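First up is the structure itself, then whatever we jot down about it.
The values are calculated or read from the model by the stated rules, or taken from the named source; none is laboratory data. As the structure is a prediction and not an experimental result, all values here were calculated from the model. These area figures cover heavy atoms from the full protein model, side chains too; ligands, DNA and RNA do not enter into them. Shrake-Rupley method; radii C 1.70, N 1.55, O 1.52, S 1.80 Å.
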Amino acid sequence: MESTLRKSTLRDTLQQGIYKIINPFVKFIISLGFTPNTVTITGFLLNIGVAVIFILGGEKGNRGDLDYVGWAGFLILFAGLFDMLDGQVARIGKMSSSYGALFDSVVDRYSELIMFLGICYYLIAHHYFLSSLLAFIAMIGSMMVSYTRARAEGLGVECKGGLMQRPERVVLIGLSSILCGLLASWIGGEYKVVIPGTRILVFETMTVFTFPLAVLAVLTNITAVNRLLDAKKALEEKENLLKKQTV
């Protein structure tokens, strides 16, 4: 419990530090007439752009051409910035609403699913079948992290813990995509390391992108299960408290 609280405090501190940096930009776009929903839609459109880049990479690029992956990474991080901005626009512009929160949550899920659609398409097109499966599992875990929280909060308990919340997922995928593209420009997109005397592949340039997807596949589902267990404990405590009050 103490460890979870410490992680949450660190995350909140980092988040507040980022908000201090982006708040001047938030005030600027508010002055331009942007609303929280406008910012949310902008992020959604940018994530469609991410999917388009991956799909074009799958259709027009070859297996060793990782420029598409790198450029998609930059757009993933840029789109992720808008995921943070909408909440701040609502708070600073005093435009918060219950429907706005619902709208943001629903559109964010669409954005993430569309991003994973592009990733899976790219991986399948270039015959990274195991990695495409891991990306799909990561997508399932990402959705379940969000769903578990939403369902628990619908039952009246808070459920925000875990390592792989949406900002962490966006940063991990975005940075790994960028690093993959940059490394490809340095050592080549088809660079490989195999165990001498065998055909067992130890590393290739694409691993810089696909290995984090494997990590994401594991950690998102662990986070979802941990949230489920935390919610179970909180709901049992709530039910026991209600029973004592009715006795």
Using 0.36 nm per residue of separation minus the Cα-Cα distance, give me the extension gain between Leu182 and Ile92 in nm, one decimal.
28.7 nm
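222 nm [θ] for the chain, helices only, -39500 (n - 2.57) per DSSP H run of 4+, per residue, to 500? Intermediate results must be reported in sequence, preceding the final value.
Values: 7 runs with 197 residues, N = 247.
Helix contribution divided over all residues of the chain: -28500 deg cm²/dmol.
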Quick one: length gained pulling Leu163 to Phe25 fully straight, 0.36 nm per residue minus the C-alpha distance?
46.9 nm
Excluding ligands and nucleic acids, what accessible area in Å² is computed for Ser31 using a 1.4 Å probe, to the nearest 10?
90 Å²
If I fit a long axis through the Cα atoms of helix 67-92 and take the longest principal axis of the Cα atoms of the chain, what angle between them do I get, 0 to 90°, rounded to 10?
10 degrees
Counting only protein heavy atoms and leaving out ligands, DNA and RNA, the solvent-accessible surface of Glu158 at a 1.4 Å probe, in Å² to the nearest 10, equals 140 Å²
Which of (i) 18.4; (ii) 19.7; (iii) 19.2 is the computed Kirkwood radius over Cα pairs in Å? It is (ii)
If you average the sequence gap of Cα pairs under 8 Å that are 6 or more apart and divide by the length of the chain, what percent do you get for the contact order?
23 percent
State log₁₀ I(q)/I(0) for segment 132-201 at q = 0.12, 0.19, 0.20, 0.27 Å⁻¹ as given by the Debye formula over alpha-carbon point scatterers of equal weight, solvent excluded.
-0.55, -0.90, -0.94, -1.14
